[in-house]
Amino acid sequence: MAAILENLSRRRFLVGGAAVAGGLVIGLRLLPRGFASSPPAAPAVDVPRFNPTAFVSIDETGLVTIVAHRSEMGQGVRTALPMAVADELEADWSRVRIAQALGDEATYGGQNTDGSRSLRHFLQPMREMGAAARQMLETAAANMWRVDVAQVRARDHQVIHTTTGRVLGYGELAAAARALPVPRPEELKLKRPEDFRYIGKDMPIVDLADMTSGRAGYGIDVRLPGMKYAVIARPPVYGGRVASYDEASALAVPGVERVVKLDGTPPPSGFQPLGGVAVIARNTWAAIQGRGKLGTTWNDGPNRSYDSTAYKTELEETARRPGKVVRNQGDALAALAAPARVLKADYYVPHIAHAPMEPPAAAASVADGRCEAWACTQNPQGARDEIAKALGIPVDRVKVNVTLLGGGFGRKSKPDYVVEAALLSRAVGAPVKVTWTREDEIHHDYYHTVSAQHLEAALDSRGRAIAWLHRSVFPAIPSTFQPNVRYASDGELSQGVIDIPYAIPNIRCENGEAPSHVHIGWFRSVLNIPHAFGVCSFADELAHAAGRDPKDYLLELLGPPRRVDAGAHYQNYGDDINVYPIDTGRLRRAVELVAEKAQWGRGLPAGHGLGIAVHRSFVSYVAIVVEAAVGKDGTVSVPRVDVAVDCGFAAYPDRIRSQMEGAAVMALSSALYGEITFREGRAQQNNFNDFQVARMNVAPRETHVHVIESDAPPGGVGEPGVPPFAPALCNAIFAATGKRIRRLPIADQLRSENEPRKGDRAR
């Protein structure tokens with residue numbers, strides 16, 4: 001991609017709803033490759049499609065305002081991208097203000113903050129935007145002094161005449177700079193990495209003080225004049241409909257003002273609401289109490305028959321049968337049928353709920369054919385589109401304001417809850433805030449899919465793998481959006497199946513049919529979670545079958561440094577495979593570093609073991625060594641975790657470490673406890689009492705993150721730390737106990753027969 005920088009009228013630059021008066025206002029518009037001779041190092045293939053735009057302004061006081069067009073959920077994006085602008089701009093960070101962008105594709109381009117794309121797609125464009133502003137300020141100063149621009153230099157919020165020492169502040173130059181033409185892309189002079197002041201440095205996130213002091217504003221904190229409060233009784237079975245409800249009893253609850261029936265969207269419902277009965281009240285507590293009095297009955301529909309225990313058996317049986325071939329290298333079937341040692345294993349991962357600490361919440365005000373919404377959303381443009389669709393109004397009459405998010409993990413990229421608020425506001429003629437309870441979030445999530453996998457490998461006389469068969473079966477995410485989806489998409493199978501990096505001559509990957517009975521959606525790291533669990537666990541099994549050290553055997557499986565051709569079905573997270581190849585050299589380096597830092601092979605107490613795993617996802621490479629300790633009662637604790645991450649250029653090391661630490665805790669939660677089960681189509685878990693997350697005393701005691709220096713383009717960070725954790729943990733449990741874990745969650749599989757099942761004792 002190439003970048004074209006253009007002046008924008010003051011009317012188009014909005015901060016907090018008010019136009020910026022005076023000063024320099026520039027924007028960055030990305031156009032297709034070939035528009036300039038020097039494209040960014042890491043082009044994003046989705047940029048031309050969505051035509052992203054970002055903005056920076058400087059007022060007469062010198063205050064720099066940078067618009068953050070991605071959603072902040074603790075990952076630090078409201079700091080990372082603006083600091084790239086500020087670095088190239090040579091701005092004083094203490095004089096920079098961050099403004100959150102509205103949901104507006106025409107102005108800001110793609111804003112859906114998921115897929116670990118923000119830095120890898122927008123670091124270079126943000127740098128170019130800052131560089132253009134800096135050069136315009138330098139040119140303005142040179143013009144004022146009537147000197148050659150080569151004699152001036154921007155530094156620390158001012159421009160200096162290097163010959164005489166004269167100085168002009170950014171505020172003094174802003175108006176004159178604004179009148180200048182924006183530099184062409186080939187004219188930009190980007191800073192050398194050794195000159196960076198902010199990029200690649202540890203900086204606190206701009207929202208940290210507000211987040212830790214209670215001043216931060218989340219979706220659940222929104223208050224509007226005259227606002228009503230709503231909770232909704234939704235169908236307990238996906239695709240169900242309201243049969244009856246007792247409106248009078250709900251209205252009898254003090255504070256309840258109205259009951260509104262919402263028509264749902266039949267499956268596949270996409271991002272539209274499930275429907276149900278809403279209780280509107282003067283406060284959320286009254287609405288919750290009123291909902292409890294509705295006595296709603298339901299017509300459950302065909303998904304009432306869904307039983308997750310029976311479905312597990314169905315998936316496992318499918319995985320043991322031949323499926324649709326999605327990668328075929330060599331002749332794995334012949335090699336598996338020849339006289340050789342063949343190992344087989346089955347792996348299972350259940351449904352998981354997102355369970356962010358802040359459940360979905362949104363407020364909306366519909367009046368005069370327009371809608372304005374406020375939401376903790378990862379996907380403001382998706383919310384805008386879905387609101388317009390539901391209300392039957394043009395998209396340009398919908399405005400979506402983005403609050404901070406108290407966690408997201410992919411759930412808040414689905415804007416059904418924002419649409420609910422808009423529909424209810426229209427129904428009652430007043431602003432309405434919809435709050436989901438924890439039970440709502442667990443019962444009506446877009447669940448991480450359930451999956452079964454069957455793996456086989458043939459070993460030669462020296463224990464080397466000569467054939468590999470991998471079958472994966474799971475309800476696919478497209479089933480939420482399209483009818484009659486039975487097979488997975490290529491994108492889903494590109495997350496740990498067809499992109500297997502092992503140097504095995506015969507590889508065959510297959511996908512089996514699996515109908516969906518619930519909302520399926522993307523969850524942090526998506527299908528990499530089950531696939532890394534199966535592949536990395538099976539690699540450990542092969543090592544032990546061959547009588548080899550698991551780390552050494554893993555390096556042998558990876559083979560020499562090379563680029564892997566994953567075949568015609570492979571999709572590379574939407575990025576150019578030539579820019580982001582599957583590089584086994586980087587996988588090997590991550591394994592070698594994490595083994596060194598974890599002191600692989602060190603002596604351990606009885607009941608302790610080390611496990612190792614490595615996985616590439618979202619074009620980054622993460623290797624993990626977990627030390628697991630298994631008590632006599634079967635409880636699992638994690639004394640130490642080491643993580644080696646190669647995410648290309650490390651633009652924000654503090655957040656890289658933070659994301660890896662958080663991924664370890666989240667992955668441990670899912671591995672130990674994460675399971676949503678269904679009976680008669682209904683989720684059986686309700687809250688954190690029966691859908692547990694790891695508390696502080698269960699989290700790893702020590703987590704050491706080792707960031708690998710790299711000059712490769714930046715890769716993803718938010719998601720890649722999750723997939724290799726569970727297999728590393730289970731491999732460590734095997735090393736400690738000799739018991740192989742092939743299904744998740746782990747918690748109850750290690751207990752003695754006499755140990756009561758009352759939740760994990762490590763809590």
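Considering only residues in region 421-468 that are surrounded by fewer than 21 Cβ atoms within 10 Å (Cβ to Cβ) and of a type in the set (A, V, I, L, M, F, W, C), the one that is nearest to Tyr487 (Cα to Cα) turns out to be Ile466.
Going residue by residue through region 643-659, is there one that turns out to be among the charged types (D, E, K, R), within 21 Å of Pro727 (Cα to Cα) and in contact with a strand residue (DSSP E or B) (Cβ under 8 Å, 6 or more places away or on another chain)? Yes, the conditions are met somewhere in region 643-659.
Looking at region 230-243 only, could you name the residues that are surrounded by fewer than 22 Cβ atoms within 10 Å (Cβ to Cβ) and in contact with a helix residue (DSSP H, G or I) (Cβ under 8 Å, 6 or more places away or on another chain)?
Across region 230-243, the qualifying residue is only Pro236.
Taken as a whole, the condition of being over 30 Å from Ile352 (Cα atoms), among the β-branched types (Val, Ile, Thr), assigned by TED's automatic domain parsing to the domain that holds Arg471 and within 24 Å of the chain's Cα centre (by Cα) does not apply to Ile529. You will find that of Thr212, Thr163, the residue that is over 42 Å from the mean Cα position of the chain (by Cα) and either under 24 Å from Met126 (Cβ atoms) or surrounded by fewer than 17 Cβ atoms within 10 Å (Cβ to Cβ) (or both) is Thr163 and no other.
Go through region 681-735 residue by residue and tally those that are at pLDDT 95 or above, of a type outside the set (Asp, Glu) and over 23 Å from the mean Cα position of the chain (by Cα). Final tally of qualifying residues: 14. Scanning region 481-513 for residues that are of a type in the set (Lys, Arg) and either in the same structural domain as Ser269 (by TED's automatic domain parsing) or out of contact with any strand residue (DSSP E or B) (no Cβ under 8 Å at 6 or more places or on another chain) (or both) returns a single hit, Arg486. On the basis of being touching an Asp or Glu at 6+ places or on another chain (Cβ under 6 Å), surrounded by 23 or more Cβ atoms within 10 Å (Cβ to Cβ) and under 23 Å from Ser710 (Cβ atoms), does Ala598 make the cut? Yes.
Filtering region 523-541 for residues that are closer than 18 Å to Leu493 by Cα and among the charged types (D, E, K, R) leaves a non-empty set.
Can you pull out every residue in region 558-596 that is part of a helix (DSSP H, G or I) and within 20 Å of Met660 (Cβ to Cβ)?
Within region 558-596, the subset part of a helix (DSSP H, G or I) is 558, 584-596.
Arg586, Leu587, Arg588, Arg589, Ala590, Val591, Glu592, Leu593, Val594, Ala595, Glu596, listed by residue number.
Would you confirm, using the coordinates I've provided, whether Asp499 is under 20 Å from His454 (Cα atoms) and of a type in the set (Asp, Glu)? Answer is yes for this residue. Of all the residues in region 392-420, those that are surrounded by fewer than 22 Cβ atoms within 10 Å (Cβ to Cβ) and aliphatic (A, V, I, L, M) number 3.
In the condition set (1) in contact with a Gly (Cβ under 7 Å, 6 or more places away or on another chain); (2) outside any loop (DSSP other than H, G, I, E, B), Tyr553 is compliant with all but (1).
Condition check ((1) of a type outside the set (A, V, I, L, M); (2) assigned by TED's automatic domain parsing to the domain that holds Ala598; (3) assigned to a loop (DSSP other than H, G, I, E, B)) across all residues:
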{"position": "Ser669", "(1), (2), (3)": "yes, yes, no"}
{"position": "Phe688", "(1), (2), (3)": "yes, yes, yes"}
{"position": "Phe691", "(1), (2), (3)": "yes, yes, yes"}
{"position": "Asn697", "(1), (2), (3)": "yes, yes, yes"}
{"position": "Ala712", "(1), (2), (3)": "no, yes, yes"}
{"position": "Glu719", "(1), (2), (3)": "yes, yes, yes"}
{"position": "Leu729", "(1), (2), (3)": "no, yes, no"}
{"position": "Lys739", "(1), (2), (3)": "yes, yes, yes"}
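Within region 374-411, the set of residues being closer than 19 Å to Val432 by Cβ and in a helix (DSSP H, G or I) comprises Pro380, Ala383, Arg384, Glu386, Ile387, Ala388, Lys389, Ala390, Leu391, Arg397. Restricting region 338-363 to residues that are of a type in the set (D, E, K, R) and surrounded by fewer than 15 Cβ atoms within 10 Å (Cβ to Cβ), the residue that is farthest from Pro515 (Cα to Cα) is Arg341.
Could you pull out the residue among Gly276, Gly290, Gly295, Gly369 that is touching a Leu at 6+ places or on another chain (Cβ under 6 Å) and outside the structural domain of Arg743 (by TED's automatic domain parsing)? Steps first, answer last, please.
Numbers: Gly290 fails: touching a Leu at 6+ places or on another chain (Cβ under 6 Å); Gly295 fails: touching a Leu at 6+ places or on another chain (Cβ under 6 Å); Gly369 fails: touching a Leu at 6+ places or on another chain (Cβ under 6 Å).
Checking each option against the conditions leaves just Gly276.
Filtered by the rule that a residue be in contact with an Asp or Glu (Cβ under 9 Å, 6 or more places away or on another chain) and surrounded by fewer than 24 Cβ atoms within 10 Å (Cβ to Cβ), region 611-654 gives Asp633, Gly634, Thr635, Pro639, Arg640, Phe649, Ala650, Pro653, Asp654.
Residue by residue through region 505-549, note down the ones that are of a type in the set (A, V, I, L, M, F, W, C) and farther than 29 Å from Glu680 by Cβ.
Narrowing region 505-549 to residues of a type in the set (A, V, I, L, M, F, W, C): 507, 509, 514, 518, 520, 522-523, 526-527, 529, 532-533, 535-536, 538-539, 542-543, 545-546.
If the condition is that a residue be of a type in the set (A, V, I, L, M, F, W, C) and farther than 29 Å from Glu680 by Cβ, then Ile507, Cys509, Ala532, Val535, Cys536, Phe538, Ala539, Leu542, Ala543, Ala545, Ala546 are the ones that fit.
Taking every residue in region 644-656 that is in the same structural domain as Tyr198 (by TED's automatic domain parsing) and pairing it with any residue that is buried (at least 24 other Cβ atoms within 10 Å of the Cβ) and among the polar types (S, T, N, Q), at least 6 positions away or on another chain, yields no pair with a Cβ-Cβ distance below 6 Å. Entry remark, region 736-763: residues being at pLDDT 95 or above, basic (Lys, Arg) and either in contact with a Leu (Cβ under 7 Å, 6 or more places away or on another chain) or over 30 Å from Leu587 (Cα atoms) (or both) number 1 in total. Could you go through region 699-706 and let me know if any residue there is of a type in the set (Asp, Glu) and either out of contact with any strand residue (DSSP E or B) (no Cβ under 8 Å at 6 or more places or on another chain) or assigned to a loop (DSSP other than H, G, I, E, B) (or both). Checked against the condition, which is being of a type in the set (Asp, Glu) and either out of contact with any strand residue (DSSP E or B) (no Cβ under 8 Å at 6 or more places or on another chain) or assigned to a loop (DSSP other than H, G, I, E, B) (or both), region 699-706 yields no hits at all. Among the residues of region 519-536, is there at least one that is surrounded by fewer than 22 Cβ atoms within 10 Å (Cβ to Cβ) and aromatic (Phe, Trp, Tyr)? No; the residues of region 519-536 include none that is surrounded by fewer than 22 Cβ atoms within 10 Å (Cβ to Cβ) and aromatic (Phe, Trp, Tyr).
Being hydrophobic (A, V, I, L, M, F, W, C), in the same structural domain as Gly171 (by TED's automatic domain parsing), buried (at least 21 other Cβ atoms within 10 Å of the Cβ) and farther than 26 Å from Pro193 by Cβ narrows it down to one of Met73, Met126, so name that one.
Working: Met126 fails: farther than 26 Å from Pro193 by Cβ.
Checking each option against the conditions leaves just Met73.
The values are calculated or read from the model by the stated rules, or taken from the named source; none is laboratory data. No experiment lies behind these values; they were computed from the predicted model shown. With ideal geometry, Cβ positions are generated from the backbone for all residues, glycine too; neighbour counts draw on all protein chains shown.
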